[in-house]
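What follows is calculated from the coordinates using simple rules that are stated; it is not laboratory data. Model, not experiment: these values are computed from the prediction. In this analysis, Cβ positions are derived from the backbone assuming ideal geometry, glycine residues included, and neighbour counts consider all displayed protein chains.
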Amino acid sequence: MPAWAPAMVDTTDDAPGGEAVTIRPESDLHSNAFWAGLRRRQVVVGRCLDCQRDFFPRLPTCPRCGGRRLVDETVSGAGTVYSWVRVHRALGDSSVVEPPYVVATIDLDDGCRMFGRIEPHQSAAIGLAVTPAFVDHDGWTELVFAPGSPE
């Protein structure tokens, strides 16, 4: 499964009595660098050495030119909100974040698009300048975007 839609892993048994369920993204060959970067407070995307374009999520070949000479590249993570949606109702009983929250498509200044939450959700607007922020959860780090321009 691609990095932008990670498999969510239930780290507890489905125990009777309504115990809390802990969920976390599960990395794979293509998303390992992204998740490791977030733990270091860095945003990592793929870069094609053939066409010099950045892309996300990381794929086996460049989505633009089909090149196979790819590297992981640390980028600023700053960008602009292209589109967003506010979620008012949890999609399940095991939500990592309580609604309402905003999920946005961000045009990164470095040239590719990425998805993430905007915090605070009330600030969401198309064209809003954002910078990366990092939220630690149980065993993983989430990339969120906060209003502001890079320094």
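If you take the residues in the range 90-115 that are touching a residue at least 60 places away in the same chain (Cβ under 8 Å) and surrounded by 13 or more Cβ atoms within 10 Å (Cβ to Cβ), which one is farthest from the chain's Cα centre (by Cα)? Residue satisfying both the conditions and the ranking: 94. Taking first residues from the range 72-89 that are among the hydrophobic types (A, V, I, L, M, F, W, C) and partners that are in a strand (DSSP E or B), the Cβ contacts under 6 Å between residues at least 6 apart in sequence or on separate chains come to 75/43; 75/45; 78/131; 81/104; 84/102; 84/104; 85/103; 87/101. Among the residues of the range 27-50, those identified as in contact with a helix residue (DSSP H, G or I) (Cβ under 9 Å, 6 or more places away or on another chain) and part of a strand (DSSP E or B) are 43, 44, 45, 46.
Tallying residues that are surrounded by fewer than 19 Cβ atoms within 10 Å (Cβ to Cβ) and under 15 Å from the mean Cα position of the chain (by Cα) within the range 129-141 yields 8. Scanning the range 116-128 for residues that are at negative phi, surrounded by fewer than 16 Cβ atoms within 10 Å (Cβ to Cβ) and not polar (S, T, N, Q) yields 120, 125, 126. Could you tell me whether the range 70-82 includes any residue that is surrounded by fewer than 20 Cβ atoms within 10 Å (Cβ to Cβ), touching a helix residue (DSSP H, G or I) at 6+ places or on another chain (Cβ under 6 Å) and either under 13 Å from residue 114 (Cβ atoms) or not basic (Lys, Arg) (or both)? Taking every residue of the range 70-82 in turn, at least one turns out to be surrounded by fewer than 20 Cβ atoms within 10 Å (Cβ to Cβ), touching a helix residue (DSSP H, G or I) at 6+ places or on another chain (Cβ under 6 Å) and either under 13 Å from residue 114 (Cβ atoms) or not basic (Lys, Arg) (or both).
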